[in-house]
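Nothing in this text is a laboratory measurement; each read-out follows from the coordinates by a stated rule. As the structure is a prediction and not an experimental result, all values here were calculated from the model. Cβ placement follows ideal geometry from the backbone for every residue including glycine, while neighbour counts extend to all protein chains displayed.
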Amino acid sequence: MLLDIQESQIGSDITLVSVTGKLALGRESQRIETLSEELAKRGARRVIFDLSGVDYIDSAGIGMLALSTGKLKEAGGSLALVAPEGRVLQLLTLTQMTAVLKVCATVAAAMEVV
């Protein structure tokens, strides 16, 4: 399955980006970088990437998430990731990205830290 990205607003100041499919090296995952740049330019300050629909992630995908965090931080915003149980959380933990990125089990938990 290709990467499907849906953007919506939660409340007045949180942007929820629901990601489904494979977050891996290639043109599809570059859409994450482009979206992060657009969100930063639009002034989005609190962003949540819901990765609960991602069934595969590789190092390029993890890199995109770190890059997105940096872009939003530079613009004065913050990013939280929703990664419940499964491969995505395992790889984020294995690569120690959970120490760098805000990773939560649910959207509700992410709303508290973003």
Margin query: Run lengths n ≥ 4 of DSSP H only: what is the helix-derived mean residue ellipticity at 222 nm for the chain, with -39500 (n - 2.57) per run over all residues, to the nearest 500?
Written below: -12500 deg cm²/dmol
Item checked: Packing-based ranking, highest mean first, of 34-41, 3-10, 76-83, 63-70 given that Cβ atoms within 10 Å are counted -> 76-83, 63-70, 34-41, 3-10
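Note down the Stokes-Einstein diffusion coefficient of the chain in µm²/s, whole number, using a Kirkwood radius over alpha carbon pairs, 10 °C, and 1.306 mPa s. Don't jump to the answer; show the numbers that get you there.
Details: Rh = 13.6 Å.
Answer, rounded: 116 µm²/s.
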